[in-house]
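Chemist: Mind having a look at this structure? Questions to follow.
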Amino acid sequence: MRLKFSNIIIFLVLCGFVFAMTQLASNVNFSGKPNKSSEKIADFSYTDMNGVSGNLYSVSGQAVIIHFWATWCPPCIEELPALLDRAHREKGVKFILVSVDKDEQQVINFLKPYPARLPNVISIVDTEQSISSAMKIAQFPETLIVNSDLTIRKHLTGAVRWKNYPL
């Protein structure tokens, strides 16, 4: 009887733990699953890696992918080639790649093997993490898919399979 009673207690404790973890996980977004939002994204100014200054609102009128990443982030490194390939194929979409690395030269060296200067890609090194902080970006990679009217369509947390991901 004691063995059955202790098994029941263990089972109930495990069920409680699983329930608590599912409740926690429902409030956190993993693995590129979208959070939908219709709020207008805040404008930000930048100077890209080519020294060109601009702001987010200057690209309104087209869809924008704002992708936050880092060279020290394994999932970021893994997904970046597919994201750049997608940028090469998606001519009507602007891709803003925001690296949160502290060393711009490290980002430059990292990006050397990839296609240089795609016309629809803006690469930014946010060494002070001012853009990522303003956007409340908490982990990397993290991506905002923004409509042409600058409302946030999707907020993706974690690596995404960019080859076929619906934009």
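Quick note: the coordinates plus some simple rules give every number you see, no bench work behind them. Remember, it's a predicted structure, so these values are computed and weren't measured experimentally. Neighbour counts run over all protein chains shown; Cβ positions are idealised from the backbone, glycine included.
Chemist: For region 78-135, state which trypsin sites (Lys or Arg not before Pro) are in a DSSP loop and have at most 16 other beta carbons lying within 10 Å of their beta carbon.
Modeler: Lys91, Lys102, Arg117
Chemist: May I pose another question? What is the local net charge at Tyr57, summed over the other residues whose Cβ is closer than 13 Å to its Cβ (Lys, Arg +1; Asp, Glu -1)?
Modeler: Around Tyr57, the surrounding residues sum to 0.
Chemist: Divide, for region 34-157, the radius of gyration over alpha carbons by 2.2 N^0.38 Å, where N is the residue count.
Modeler: Expressed relative to 2.2 N^0.38 Å, the Cα Rg reads 0.97.
Chemist: Using the alpha carbon gyration tensor of region 34-95, what are the three equivalent-ellipsoid semi-axes (square root of 5 times each eigenvalue), largest first, in whole Å? Intermediate results must be reported in sequence, preceding the final value.
Modeler: Details: eigenvalues 85, 53, 40 Å².
Square roots of five times the eigenvalues give 21, 16, 14 Å.
Chemist: Using a simple charge model, +1 on the beta-carbon of Lys and Arg, -1 on the beta-carbon of Asp and Glu, nothing else, what dipole does region 54-167 show about its Cα centre, in debye to the nearest 20? Could you put the intermediate results ahead of the total?
Modeler: Numbers: 12 positive and 11 negative charges, 92 e Å.
That gives region 54-167 a dipole magnitude of about 440 debye.
Chemist: Among the GluC sites (Glu not before Pro) within region 75-141, which fall in a DSSP loop and have no more than 12 other Cβ atoms within 10 Å of their own Cβ?
Modeler: Values: sites: Glu78, Glu79, Glu90, Glu104, Glu128; in loops: Glu90, Glu128.
Here the GluC sites (Glu not before Pro) that fit, given the DSSP loop and packing criteria, are Glu128.
Chemist: Another question about this same structure. So what's the net charge close to Tyr165: Lys and Arg +1, Asp and Glu -1, counting the other residues with Cβ under 11 Å from its Cβ?
Modeler: Here the count lands on +2.
Chemist: Asn120: net charge of surrounding residues, Cβ under 14 Å, Lys/Arg +1, Asp/Glu -1, itself excluded?
Modeler: Overall, the nearby charge balance is +2.
Chemist: For region 153-167, take each phi angle, set θ = phi - 60°, evaluate the Karplus expression 6.51 cos²θ - 1.76 cosθ + 1.60, and give the result in whole Hz per residue in order, putting x for glycine and proline.
Modeler: 8, 9, 10, 9, 10, x, 5, 10, 7, 6, 3, 10, 5, x, 8
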